[in-house]
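Here is the structure we will look at, set down as structure tokens.
The values are calculated or read from the model by the stated rules, or taken from the named source; none is laboratory data. In this text, all values refer to a predicted model and were calculated from it rather than measured experimentally. Here the Cβ is made from the backbone with ideal geometry for all residues, glycine too, and neighbour counts use every protein chain on show.
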Amino acid sequence: MTIFTLIPVFNRLAHTKRVIECLRRQTLARDLRIVIINDGSTDGTAEYLKSQPDVTTIQGDGNLWWGGAIEAGLKSVLPQAKDEDYILFLNNDTWFADDYLQCLVDTSRKFGGAAVGSAIREEDRDPPLVSIGARININRLAIWDVFSELSEAERASPKEFYDVDALSGRGTLYPVSLFRRFGTMRPRLLPHYMADYEVAMRFKRNGVRLVVSTRGAVYSPPVYGNDTSNIPLRKRVFGKRSPENIFQRAAFYCLVGSPLQRLTAVLRLAYFDVSRMIARRRAAH
């Protein structure tokens, strides 16, 4: 068994060094192949990676974004991977316990080859759990976190596993065979946001279980989400860095759900966006 770990990076060298050291300390380190997709970093990341003999580097020009970086990584590792191997999507601003990979592999096997995501914790928060995974209502185009459904008691003492509707790229383990059966990323349609959700939901639509492990958790800095409140409207609606990008949201909902849901996605997106805008204006007055 080999675990190919794909980590897209753009600058933030200190984070990259930290996550590589976490991987080197894993109990399954002998089974690990670290692949960094360096998408045009300018902070010394390229020079550092050249000095790491156990790290494979794929060089980008700054235009891959997350979806394109993961796709480049998949194209690199899939030809050499076996069906019993795994691929781990991982962000560089994460850190985790030494048995992290073992927890994810054990969970995938426990649930018959499931795709396994990681709960997210903050190191200095009490209780530390801040996110589990996505719950999605495709009809109403609504996304929320399973964490919001939990009682205070369960947040402090969560269950070991949770089923979710989609998995993020902040630490998700996939059996290699899933990419061979159901395809890889779609970076032209989803270059950045929602690319991780789409591929996980595609697997789920084909009968693959999506599970989040709270034992196999990752720690993240306090701000791991994306605050768009201070971004100008144009960049918020059209910018690739914005999770509110209208084109990526439309592409996402046209790719997920039932055939009818995909066919009506654009109309429903327009309806709900206009309805929410009117509601916000009324509330402001």
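Just a few scattered comments:
- Among (1) without any contact (Cβ under 8 Å) to a residue 12 or more places away in the chain; (2) within 26 Å of Pro191 (Cβ to Cβ); (3) of a type in the set (A, V, I, L, M), the one test that Ala153 misses: (2)
- Set Ile132, Ile120, Ile136: member being out of contact with any Phe, Trp or Tyr (no Cβ under 7 Å at 6 or more places or on another chain) and touching a residue at least 24 places away in the same chain (Cβ under 8 Å): Ile136
- Close Cβ contacts (under 7 Å, 6 or more residues apart or on different chains) running from residues in the range 262-285 that are in contact (Cβ under 8 Å) with a residue 24 or more places away in the chain to residues that are surrounded by fewer than 12 Cβ atoms within 10 Å (Cβ to Cβ) comprise Phe272/Arg140.
- Strands (runs of 3 or more DSSP E) (entirely within the range 27-100) containing at least 1 residues that are in contact (Cβ under 8 Å) with a residue 40 or more places away in the chain, touching a strand residue (DSSP E or B) at 6+ places or on another chain (Cβ under 9 Å) and surrounded by 14 or more Cβ atoms within 10 Å (Cβ to Cβ): 32-39, 86-89
- Looking only at residues in the range 112-127 that are at pLDDT 95 or above and not in a strand (DSSP E or B), the one that is nearest to the chain's Cα centre (by Cα) is Ala114.
- Taking the conditions (1) in a loop (DSSP other than H, G, I, E, B); (2) surrounded by fewer than 18 Cβ atoms within 10 Å (Cβ to Cβ) in turn, Arg109 satisfies each one other than (1).
- Complete set of residues in the range 236-264 that are at pLDDT 70 or above and in a loop (DSSP other than H, G, I, E, B): Glu244, Asn245, Val256, Gly257, Ser258, Thr264
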